[in-house]
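The structure appears below as structure tokens.
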Amino acid sequence: DQQVKQNSPSLSVQEGRISILNCDYTNSMFDYFLWYKKYPAEGPTFLISISSIKDKNEDGRFTVFLNKSAKHLSLHIVPSQPGDSAVYFCAASLQGGSEKLVFGKGTKLTVNP
Amino acid sequence: DAGITQSPRHKVTETGTPVTLRCHQTENHRYMYWYRQDPGHGLRLIHYSYGVKDTDKGEVSDGYSVSRSKTEDFLLTLESATSSQTSVYFCATYRGQYYGYTFGSGTRLTVV
């Protein structure tokens, strides 16, 4: 049973426009949500996270929105740049100090010049 | 992140041979993990460790074993490699709730 779902395997946007990556989850006990970015031949790197007690967190061009009632989060990148082209993984952690993250399958973002 | 080193970075091995991948961290993190990444499957947890000599299975542990004799080293062993174990393997350590994991650069393993 996939607890964290990224239903779009790929997304293509034009440079300067907004990129919106979506993630759905099924377990209401998740208390922290994270986004990781992965370039080819490299390991994933942390991008941004949000606590379940918040509905928005912003870091420069990156904003994560959390809708707990819908069990949905999204990552907005504004404006998109060609260097943002990568695979983005959504992840979630459980309450109670669990140190294991549950990952989605990833969305490949391509930003076209 | 320079705090995690995976070796080797690339390896080609024959079916049926044993293979050991190494993960070395310099951050003194308690929790360490081995994941594999495959197209269409994302990141799947193989094994993890919550301290020296304390390990547990993940969702795809069959055919793999791990050992952690020191805080800084976490070894992943394929006892008898199969073609289905051709993958990219990532090691990670836990940095806390806000950052989650730090990943190594990965090992690309090909079993022929």
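Values computed for the structure shown
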{"quantity": "Residue check for A:VAL102: of a type outside the set (Gly, Ala, Ser), crowded, with 17+ Cβ neighbours inside 10 Å and at pLDDT 95 or above", "calculated": "no"}
{"quantity": "Segment B:38-58, residues that are assigned to a loop (DSSP other than H, G, I, E, B) and within 18 Å of B:LEU78 (Cβ to Cβ)", "calculated": "B:HIS41, B:GLY58"}
{"quantity": "Search result, residues across segment B:11-65 that are modelled with pLDDT under 95, exposed (fewer than 12 other Cβ atoms within 10 Å of the Cβ) and small (Gly, Ala, Ser)", "calculated": "B:GLY40, B:GLY51"}
{"quantity": "Selection within segment A:26-41 - closer than 25 Å to B:THR107 by Cα, at the interface with another protein chain (Cβ under 10 Å from one of its Cβ atoms) and surrounded by 14 or more Cβ atoms within 10 Å (Cβ to Cβ)", "calculated": "A:LEU34, A:TRP35, A:TYR36, A:LYS38"}
{"quantity": "Any hit, segment A:64-73, residues being part of a loop (DSSP other than H, G, I, E, B) and under 21 Å from B:MET32 (Cα atoms)", "calculated": "no"}
{"quantity": "Complete set of residues in segment B:79-103 that are in a strand (DSSP E or B) and either farther than 13 Å from B:ARG36 by Cβ or at pLDDT below 95 (or both)", "calculated": "B:THR93, B:TYR94, B:ARG95, B:GLY96, B:GLY100, B:TYR101, B:THR102"}
{"quantity": "Residues within segment B:74-105 that are closer than 21 Å to B:THR15 by Cα, surrounded by 15 or more Cβ atoms within 10 Å (Cβ to Cβ) and small (Gly, Ala, Ser), tallied", "calculated": "2"}
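The values are calculated or read from the model by the stated rules, or taken from the named source; none is laboratory data. Bear in mind the structure is a predicted one, so any value in this text is a computation, not a measurement. Heads up, the Cβs are rebuilt from the backbone with ideal geometry, glycines too, and the neighbour counts pull from every protein chain shown.
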